[in-house]
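The values are calculated or read from the model by the stated rules, or taken from the named source; none is laboratory data. Note that the structure is predicted; figures quoted are calculated from it, not measured. Cβ placement follows ideal geometry from the backbone for every residue including glycine, while neighbour counts extend to all protein chains displayed.
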Amino acid sequence: MNKEIAEALQNTREIFDSLDEIALFNQKKVTDSFRENAVALRHFNGTSGYGSDDAGRQTLGCVVAKVFETDKAVVSPLIASGTAAISLALFGVLRPGNRVLSVTGKPYDTLTDVIFKEGVGSLKDFGIDFDSIDLVNGTFDFDAIAQYLARNRVNMVYIQRSRGYAWRRALSIDQIEQICLFVKKIDPNIIVFCDNCYGEFVEKHEPTAVGADLCAGSFIKNIGGGLAPTGGYVAGKADLVDLVAGRLTAPSLGMEVGSYQSGYRLFFQGIFVAPHVVNQALKISTLFSYALSKRGYKVTPQVGEHLGDIVCSINLGDPDKMVAFCQAVQSISPVDGFVKPEPWQQAGYADKVIMAAGCFVEGASIELSCDGPIRPPYTVYLQGGLTLEHGILALEKVLESL
């Protein structure tokens, strides 16, 4: 084994032990939810047409709601991505004339058109205002938030748990709880919504367990465990989730309909293994952080800092190194390992983006992948990994390429 990796493994043992403890806690939570909701083989069966009596769809929603310690959840293969889940939640609960305040700065690139672009059915087109207040040194600007809420009638406070393409650490559950309490003390009627992408099972609780009214994410990220073939979720308070369900289908139908002929086994199996898979991804992130910081690269989070999501950001300072990094990860991928990724103009992004994702499920960022916009300071964002062993092999390739 590469000496740098051996050193990294030796010096991260205590962190790995703490990650194992979180995984065990979350595995019990998921297992308890399966048992309490009486998950059975019949729930794996698909349905066609209206899907009016789709027990699998209904039970999967109950399992997710229980895991998230909240009232209700919409879980559907028809939700195409994390961006789609977030958009669904926003359009489900907001109305013309409403105002949203993001307390974590401007949301990441793929939501720009959803919020601001005119003539495409965006929030702006529907007369919904969206403002933002940046984080300060990785935490909320409470003074600025209080002043804004005192001056403006705000219907929703928006939280982005992960970093997108920003240079910051992901938020902790303690931080999310703190902002929820702060906002609710000022106005208990404000809806607190959290983009939970990349954060599921990283800690012992989810945002809805500490005060968020609603959260959303993708089943091809953490919560799907690398097995779910598609889909997303929105979980939270029952009245809000019902509005979201009405947006997904129709207000008169909600989640009483919605078939999926392929069946739900991979969704159930995915969420069951997700605590372990997230544990593996966090260990991989920790190893990359240790080894690359030793090489002199700026990384976040640094080893020993709080882990709020599965992402490790590495400032490479050079576009050629970004390409080399991503090509190294792709070369060790189980799928399309022969491909050499190059920067390209992908829909939803302002800059050219390079992505390495040799995944069994296309675009599944709980599988080992990395990406980043080709712009200074040339930061690559590594996430996922189904097994620690695969992550070690990828790290070895990356160190060679750099």
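The figures follow:
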item	result
Qualifying residues in the range 173-196 (those that are assigned to a loop (DSSP other than H, G, I, E, B) and out of contact with any helix residue (DSSP H, G or I) (no Cβ under 9 Å at 6 or more places or on another chain)) - the one farthest from Thr83 (Cα to Cα)	Pro188
Asp20, sole failed condition from (1) outside the structural domain of Ile310 (by TED's automatic domain parsing); (2) acidic (Asp, Glu); (3) modelled with pLDDT of 95 or more	(1)
Cβ pairs under 6 Å, 6+ apart, first in the range 83-94 and over 17 Å from Ala73 (Cβ atoms) and assigned by TED's automatic domain parsing to the domain that holds Gly246, second among the hydroxyl-bearing types (Ser, Thr, Tyr) and at pLDDT below 95	Thr83/Thr110
Any hit, the range 192-210, residues being touching a residue at least 12 places away in the same chain (Cβ under 8 Å), polar (S, T, N, Q), assigned by TED's automatic domain parsing to the domain that holds Asn98 and touching a Lys or Arg at 6+ places or on another chain (Cβ under 7 Å)	yes
Verdict on Asp20 being of a type outside the set (Ser, Thr, Tyr), more than 28 Å from the chain's Cα centre (by Cα) and on the phi < 0 side of the Ramachandran plot	no
Identity of the residue in the range 219-255, surrounded by fewer than 23 Cβ atoms within 10 Å (Cβ to Cβ) and in contact with a Lys or Arg (Cβ under 8 Å, 6 or more places away or on another chain), that ends up modelled with the lowest pLDDT	Met255
Residue within the range 169-178 that is in contact with a strand residue (DSSP E or B) (Cβ under 6 Å, 6 or more places away or on another chain) and more than 22 Å from Leu94 (Cβ to Cβ) present	yes
Residue, farthest from Lys72 (Cα to Cα), within the range 11-41, restricted to residues that are of a type in the set (Ser, Thr, Tyr) and in contact (Cβ under 8 Å) with a residue 24 or more places away in the chain	Thr12
Matching entry among Leu135, Leu181 (being touching a Lys or Arg at 6+ places or on another chain (Cβ under 7 Å) and either assigned by TED's automatic domain parsing to the domain that holds Ala212 or buried (at least 18 other Cβ atoms within 10 Å of the Cβ) (or both))	Leu135
Hits in the range 101-114 (condition: touching a Leu at 6+ places or on another chain (Cβ under 7 Å) and surrounded by fewer than 21 Cβ atoms within 10 Å (Cβ to Cβ))	Gly105
Flag for Ala8 being buried (at least 18 other Cβ atoms within 10 Å of the Cβ), of a type in the set (Gly, Ala, Ser), touching a residue at least 60 places away in the same chain (Cβ under 8 Å) and not assigned by TED's automatic domain parsing to the domain that holds Asp195	yes
The range 197-247, residues that are part of a helix (DSSP H, G or I), more than 10 Å from the chain's Cα centre (by Cα) and among the aliphatic types (A, V, I, L, M)	Ala209, Ala238, Leu240, Val241, Leu243, Val244, Ala245
Residue satisfying condition, being closer than 16 Å to Gly224 by Cα and of a type outside the set (D, E, K, R), within set Val75, Val100	Val75
Scan of the range 299-318 for residues that are within 19 Å of Asn11 (Cβ to Cβ) and touching a residue at least 40 places away in the same chain (Cβ under 8 Å), ordered by number	Thr300, Pro301, Val303, Gly304, Glu305, His306, Leu307, Cys312, Ile314
